[in-house]
1. Calculate, for residue 180 and residue 508, the FRET efficiency according to 1/(1 + (r/R0)^6) with r their C-beta to C-beta distance and R0 22 Å; round to the nearest 0.05.
2. Treat region 302-447 as a sphere of radius equal to its Kirkwood radius over Cα pairs and apply Stokes-Einstein at 37 °C in a medium of 0.692 mPa s; give the translational diffusion coefficient in µm²/s, rounded to a whole number.
3. Output the peptides 246-256, 43-53 sorted from most to least packed, where packing is the average of other Cβ atoms within 10 Å over each peptide's residues.
4. Please label the shape of region 73-167 as rounded, prolate or oblate, based on the square roots a ≥ b ≥ c of the eigenvalues of the alpha-carbon gyration tensor (a/c under 1.5 means rounded; beyond that, a/b larger than b/c means prolate, else oblate).
5. Looking at the P(r) of region 24-519, how many percent of alpha-carbon pairs lie beyond 45 Å?
6. With an 8 Å Cα cut-off and a minimum separation of 6 or more residues, compute the relative contact order for region 24-519 in percent.
7. Apply the Karplus curve 6.51 cos²θ - 1.76 cosθ + 1.60, θ = phi - 60°, to the phi angles in region 253-262 and return the couplings in whole Hz, x for Gly and Pro.
8. For residue 385 and residue 282, what does the FRET efficiency come to when R0 = 25 Å and r is the distance between their Cβ atoms, rounded to the nearest 0.05?
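Every number in this text was worked out from the coordinates using simple rules, so none of it is lab data. As the structure is a computational prediction, the values presented were derived from the model and not from experiment. Glycine gets a Cβ as well: all are built from the backbone with ideal geometry, and neighbour counts include every protein chain shown.
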Amino acid sequence: MTYQSESDDIEKIKMRDTKATSSKSNKDRGQWSTGIEFLLSCISMSVGLGNVWRFPYVAYENGGGAFLIPYFILLCLIGRPIYYLELILGQFSGRGPIKVWKCVPAIKGLGFAQLLSTSYIAIFYNYLMAISIYYFIASFSPTLPWTNCDQSQSFNVSCPEFYYERIVLNKSDGLWDLNSISIELIGCLFVSWTLVYLSIVKGITSLGKVAYFTAIFPYVVLITLLAVSLTQDGAINGILYFLRPDFAKLLDPIVWYRAVEQSFFSLAVCFGSLIMYSSYNNFNNNVNKDAIIISVLDTFTSLLAGCVIFSVLGAMANEKGVEIKDVVTSGTGLAFIAYPEGLSKIKFLPQLWSILFFFMLFTLGIGSSVAMIETILTCIKDEFESLHKHKAKLALAFCVFFMLLGIPLTTDAGSYIMLLLDNYGVGTAAFLYGIIQMVAIAYIYGLNNFNDDIHFMLKQKPSLYWKLTWGFITPSVLAIIFIYGNILIMMDERVKPGIPNWGNHIGYVLAGTAIIQIPFWMLMTISKQKGATLFEKIQLAFRPTNDWGPIDEEIFTEWSHFKVDNTFNKVFNNHNPHSDPTSIITNFKEDGSDNFGFSSDEIGARLSVKSSSNKKSNSTHLDNKLVK
């Protein structure tokens, strides 16, 4: 590499600074009104439907109280590190999950893949919210409708199961058997999407206000339901059954797989929403503290929900005179069959507890749903900045669009469509996203550069714990989990009821459409580079763009000075500070590449600026810093 003239090098620095001054500040883009709104919104997003119906059953099936051991271990080794990393990425850059990859442009396809997976989840999440609304309305009846249904005997099922599958869903025999649409569910779906729209109509401003309710109300209901449930005979036995440890299960690798899977999905990492939320933060917000609070609260909520669920199931089993294991079901069956039946057994105003429970389910759902839709809208507004002025129209258009996509789920084959979206649209893809994300930051952008960014932003250096988990432990464990999870899927020869082979092929298309975004955009990015050879193009595609950094122009300038100062310090610490600039530049190039975005040409320009500044009486802010 040959050096350009000093004037050309300085002009190159000015071009970088011009990039900064053309950027919009985070205030122009939008910001949380207060740090508490950000915290509550993250809690509302992470504490979702899965905490109520997924965690209790997964814990019960995988060792009860003993399951908490691998859960807490893997939460610390995988869940929290990824959570904190995503909060840092979003807050530092002030960009959504696509633009954030200006740090490693070739990985921008990861953002598109996450958006597609998020779209799949948003569609079936609102379907579940619509069912919650259906039950919420039905709970106002003088007699809870799932407690009395004569026809249930004809199908050899319980009343709650008959009500859920035959009345609410009108469930058909399979994905192929699509005959009718439920007008009632379409109406509930409309209400659900209308409330989502009203929550995000003013972007992050209105979303933050909604979070005060959606984050706090579920705790009020859960604690109230627990207190009421404990008055029923058998409730304590249910909680003890839930927490009873089976330590032999800890030797089963699938228990550890389920633990990391639960901690992963419970915190809602690797789908872009965390990056989106933190991108609206104040630049110096202490996200380390937020990550700790949210992960602790999420775990507490899961345990609280488990105690609430099993206290009701324990009372129900006691009344029926059966074992608790005979009344435990998983997934939607726990929320819409077993638990409604248990609530109906409460002697004092069962309608009230049913109303509260299903309203709570809806609020849990809407807290996650608004995050998903706002993630998609943020990516679009980041790409087309003029649309910031039309956020209400854009939100309306997407809510209508997603509602239309959700109508097939209101048919009698809707539950099978939801199964496809859940199993294939999400599945183990999130683990793949996590691996790519960790490798991109730790090994391509560079862990040292990332640590420097944190130091600049939070005025504190990451601890050894973060360096070890980000640099080795988390990506390694995630890779093992991803491989193991896919082996489990391939070995699972069970026929999924109602899903024919062509239905599985549709599922593969859904999953493939999301994952293919990663190599597609990588190739597109490489092809657009200006390198003379393919190798040069690849190198450029994996280096930060010139405008990578904090979105705020003033902070960007300060950060660029901070980065160059850091580089100078490293160079001067390794070499004689009295050496002439040419010698230092040569040694710098021999030390290896600098992948935070400043080439050795630019470092040379900074050195030239430093040398010339010593001869000037009026130094710039940057020159003064360099002279020090």
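1. On the way: r = 28 Å, r/R0 = 1.27.
Between residue 180 and residue 508 the formula returns 0.20.
2. Values: Rh = 19.3 Å.
Estimated via Stokes-Einstein, D reaches 170 µm²/s.
3. Details: 246-256: 14.8, 43-53: 24.2.
Listed from highest to lowest mean packing, they are 43-53, 246-256.
4. Values: a/c = 3.40, a/b = 2.97, b/c = 1.15.
Taking the square roots of the gyration eigenvalues as a ≥ b ≥ c, region 73-167 is prolate.
5. The answer is 9 percent, as a whole percent.
6. Working: 736 pairs, mean separation 170.1, N = 496.
Once divided by the residue count of region 24-519, the mean separation gives 34 percent.
7. x, 5, 5, 5, 5, 5, 5, 5, 4, 5
8. Values: r = 21 Å, r/R0 = 0.83.
For residue 385 and residue 282, the calculated efficiency is 0.75.
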